[in-house]
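This report concerns only the one structure given below.
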Amino acid sequence: MNVEKIIYEKSNIIKSAVNFPLFYLGARMFIRAKYREDKVTKISYLYALDLVKHVYSKKSKKIMMNIFAPSEIFYALDMYPLLPEVAAGFLAAFGLIRRALSESEAILGNSDVCSVHRGVVGLSKLKIFPTPDFLVSYTKPCFSPVFSFALTKDLNGGEIYIIDSYEDIDYLASQIEMLYYNLAKRLGVKDGINRLKKAITLSNEAYKYFEEIKDLRREYVVMDGKNFLDYAGMIFSVFGSKYGVEFFKSLRDEIKERIKRGDIIEPKVRLYWMHLGPYFKTDFFQWLNSKGAYIVFEESTSISWEKLDVSNPFESLAKKLVNFKAFSTLEDRVNTALENVEKYKADGVIIFNQWGCRQGSVPAI
């Protein structure tokens, strides 16, 4: 079976299938049965299924956001945000992105730009993504999503909103507030502030488990950090939703259970991983493990922020976005890396950059 051909040439059939109730219920039953004992995978797959169902629904409004946009405001409006960067990485992991990368060159003119956003542009051109109603891009960690989202808008339509912090909390908070109420008005959503407070409460609960996970990893290695590189899509997309609480609680519980059972890994070499992971097929991580080398912490997992203030949500979200030090200035990134190397007792650092990434590769030099 040529899966790539099905995805690119029969995508309309797939899009229709997820809206068929029996298909959706059958898929949920299959996931629950297959991953009965693996709650972390089960929750992430159930989330992915609900996301796909929502974004391809004929009834719901569609929104695309880049990985650092504040997901809480979209869940508050009953929108499941689609992260095209994550979608491109997911397809790449299964070896299904080559056609999209090739198609993007006709628009971009060359292949010497970020491979993730080349994938986004190619997938947009091939109409794999749903037609977006809104596109929201934050100017961190780089400007690539601004350009790829603009091209997606030209190819498929939608209204684009750009959020820029200028490292000014008040200015950023005002942008988030204007965006939120504008979308609420456009969607006919009432009682917007109480909805946002509920999303903030869910975000805080998930973040509590997220921080517990990081604390546990300081003392114990029970799984290679490659898993956490794969969890990046969840880390950047589910805060503010029920799935965020369920996912991080289950992951916390899984780590504690492994510790209780004594399933501890004793690495010969402890590694700190910078940037995202290679979202393509590779045996590099198995090779590292065969040498006794394990990733004990990752730059993408190191994002942190203060507990969000339910009574002051917009300022809190602004502080959250500005506080992503690992994806900020070169000085912040270096200092964050040094802190994490010491905190997680790393023996060495691996800096990975996908093809064409300026934000990651230039500081690495």
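The values are calculated or read from the model by the stated rules, or taken from the named source; none is laboratory data. Note that the structure is predicted; figures quoted are calculated from it, not measured. For neighbour counting, all protein chains shown are included, and Cβ atoms are generated from backbone atoms with ideal geometry for every residue, glycine included. Each accessible area value is taken on the protein alone, full model and side chains, heavy atoms only, with ligands, DNA and RNA left out. Shrake-Rupley method; radii C 1.70, N 1.55, O 1.52, S 1.80 Å.
The table below lists the values:
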{"quantity": "Extreme residue, farthest from Leu338 (Cα to Cα), among residues of the stretch 285-316 that are among the small types (Gly, Ala, Ser) and out of contact with any Asp or Glu (no Cβ under 6 Å at 6 or more places or on another chain)", "calculated": "Ser311"}
{"quantity": "Answer residue from the stretch 141-196, given it is among the polar types (S, T, N, Q) and open to solvent by 40 Å² or more (accessible area, probe 1.4 Å) and is nearest to Ala318 (Cα to Cα) among those", "calculated": "Ser174"}
{"quantity": "From the options Val40, Val116, residue that is open to solvent by less than 20 Å² (accessible area, probe 1.4 Å) and part of a helix (DSSP H, G or I)", "calculated": "Val40"}
{"quantity": "The stretch 289-304, subset buried (at least 17 other Cβ atoms within 10 Å of the Cβ) and of a type outside the set (Gly, Ala, Ser), residue nearest to Ser174 (Cα to Cα)", "calculated": "Ile303"}
{"quantity": "Residues satisfying the stated conditions in the stretch 86-97, i.e. within 11 Å of the chain's Cα centre (by Cα) and open to solvent by 20 Å² or more (accessible area, probe 1.4 Å)", "calculated": "Val86, Ala87, Phe90"}
{"quantity": "First in the stretch 334-354 and over 11 Å from Arg270 (Cα atoms) and without any contact (Cβ under 8 Å) to a residue 40 or more places away in the chain, second anywhere and among the hydroxyl-bearing types (Ser, Thr, Tyr) and open to solvent by less than 80 Å² (accessible area, probe 1.4 Å), Cβ under 8 Å, 6 or more apart", "calculated": "Thr336/Ser302"}
{"quantity": "Candidate set from the stretch 52-69 (those that are over 26 Å from Asn323 (Cβ atoms) and not in a loop (DSSP other than H, G, I, E, B)); member that is most open to solvent (accessible area, probe 1.4 Å)", "calculated": "Lys53"}
{"quantity": "One residue from Leu96, Leu46 being over 30 Å from Asp164 (Cα atoms), part of a helix (DSSP H, G or I), touching a residue at least 60 places away in the same chain (Cβ under 8 Å) and not β-branched (Val, Ile, Thr)", "calculated": "Leu46"}
{"quantity": "Number of the condition not met by Val334 [criteria: (1) in a helix (DSSP H, G or I); (2) surrounded by 15 or more Cβ atoms within 10 Å (Cβ to Cβ)]", "calculated": "(2)"}
{"quantity": "Filtered residue count, the stretch 197-238, keeping only those that are farther than 15 Å from Pro70 by Cα, outside any helix (DSSP H, G or I) and in contact (Cβ under 8 Å) with a residue 60 or more places away in the chain", "calculated": "4"}
{"quantity": "Selection within the stretch 259-288 - open to solvent by 50 Å² or more (accessible area, probe 1.4 Å) and either assigned to a helix (DSSP H, G or I) or aliphatic (A, V, I, L, M) (or both)", "calculated": "Lys260, Arg261, Ile264, Val269, Phe284, Gln286, Trp287"}
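Residues checked against (1) modelled with pLDDT under 95; (2) more than 18 Å from the chain's Cα centre (by Cα):
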residue: Val238; (1), (2): no, no
residue: Arg258; (1), (2): no, yes
residue: Arg270; (1), (2): no, yes
residue: Asn289; (1), (2): no, yes
residue: Ser300; (1), (2): yes, no
residue: Ile303; (1), (2): yes, no
residue: Phe314; (1), (2): no, yes
residue: Ala326; (1), (2): yes, no
